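First comes the structure, then the notes that go with it.
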Amino acid sequence: MGEIVTFRNGHRQYSYEDHSGERYGRLTVLKRIRVEGRQQYDWLCRCDCGNETVAQTGGLLRGSTRSCGCLAKDVGALRKTHGLTGSRTYISWRAMRARCLNPQDKDYPRYGGRDIKICERWGSFENFLADLGERPEGKSLDRIDCNGNYESGNVRWADDKTQSNNRRSSRYLTHDGKTLSIAEWAREAGIPTGTFWRRLKAGHSLEDSLRDKRRARVNS
Ligand SMILES: [Zn+2]
């Protein structure tokens, strides 16, 4: 959500949401501009490919405008060169869907079974590819917040080292008959996951590691 900017013009007061600095697909919003002949204001954006382009608010927010036009070209080229369904990226997409949606999948209990969801947009492989790009060699699909969903902003292509650092917070601990991940325990106690994790690694009990919120804040 951008900041709401309010201004006066004569006696009337106007307001708009400022999307400057936000990212939509490959686009980073630079500033709000008025294009001649348009009733509404639009947004000057820089695309990851280096081009500048003007995008309309609706297109950005709906997710239909995600590049200067280079994205559609890239996806088109990809489809021509390997055929989408044979690619590494397609294999990742299909595995993600199996983990979350197919109760027969071996990983389903840790994903779909824990209510990890896939955003509606990524029901389409082409959208998934458009948002994340092709999977680089040696990398795999990684959620930044292990308890979060598969959706834009929470997913990246990461190497195995990043993944194992991240996976620590999805380890499960049971206490008082309740089973939560490390990240969930930390959130519940109001302390940073890293702090909680360091205490556990230093040999403190789960109970001790969750206690003393104030000290946790000072340390973090
Ligand atoms: Zn571009």
Let me make sure I get this right: for the range 3-66, a, b and c are the square roots of the gyration tensor eigenvalues over alpha carbons, sorted descending. Under 1.5 in a/c it's rounded, otherwise prolate if a/b > b/c, else oblate. Which is it?
prolate
Subset of 73/139; 106/178; 117/178; 31/139; 139/201 violating a 26 Å alpha-carbon distance limit
31/139; 139/201
For 131, 145, 176, ascending order of other Cβ atoms within 10 Å (fewest first) is 176, 145, 131
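Using DSSP loop states and a limit of at most 16 other Cβ atoms within 10 Å to flag GluC sites (Glu not before Pro), what is the longest stretch of the chain containing no flagged site? Could you put the intermediate results ahead of the total?
Details: sites that count: 22, 36, 134, 137, 151.
Result, exposed sites excluded: 37-133.
In debye, nearest 20, what is the charge dipole magnitude of the range 8-133 about its Cα centre with +1 on Lys and Arg Cβ and -1 on Asp and Glu Cβ, if you could check?
On the way: 23 positive and 14 negative charges, 24 e Å.
The calculated dipole for the range 8-133 is roughly 120 debye.
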Computed for the range 9-52: size of charge dipole around the Cα centre, +1 on C-beta of each Lys and Arg, -1 on C-beta of each Asp and Glu, debye to nearest 20, value 80 debye
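Give the order of 179, 6, 28, 53 when sorted by the count of other beta carbons within 10 angstrom, beginning with the fewest. Let's see the in-between values first.
Numbers: 179 11, 6 8, 28 14, 53 18.
Taking fewest neighbouring Cβ atoms as first place, the list is 6, 179, 28, 53.
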Would you work out which of 92, 123, 44 lies farthest towards the positive end of the dipole of the chain? Charges go on Cβ: Lys and Arg +1, Asp and Glu -1.
92
Taking the Cα centre as origin and putting +1 on Lys and Arg beta-carbons and -1 on Asp and Glu beta-carbons, what dipole magnitude results for the chain, to the nearest 20 debye?
320 debye
Candidates 104, 13, 39; GNM for the chain (alpha-carbon contacts under 10 Å) flags as most fluctuating 13
Rounded to one decimal in nm, the spacing of the 7 Å Cα→Cβ label points at residue 174 and residue 46 is 5.3 nm
Enter the Cα centre distance for the pair the range 105-127 and the range 46-80, rounded to the nearest angstrom.
25 Å
Cut-off 10 angstrom, C-alpha nodes, Gaussian network model of the chain. Which of 69, 177, 138 fluctuates the most?
177
Starting from the Cα of residue 8, step 7 Å along the direction of its Cβ; do the same at residue 204; then give the gap between the two resulting points in nm.
5.4 nm
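Laboratory data are not the source of any read-out in this text; all were calculated from the coordinates shown. It should be emphasised that the depicted structure is a prediction, and the values quoted were computed from it without experimental measurement. Counting neighbours? That spans all protein chains shown, and the Cβs are built from the backbone with ideal geometry, glycine included.
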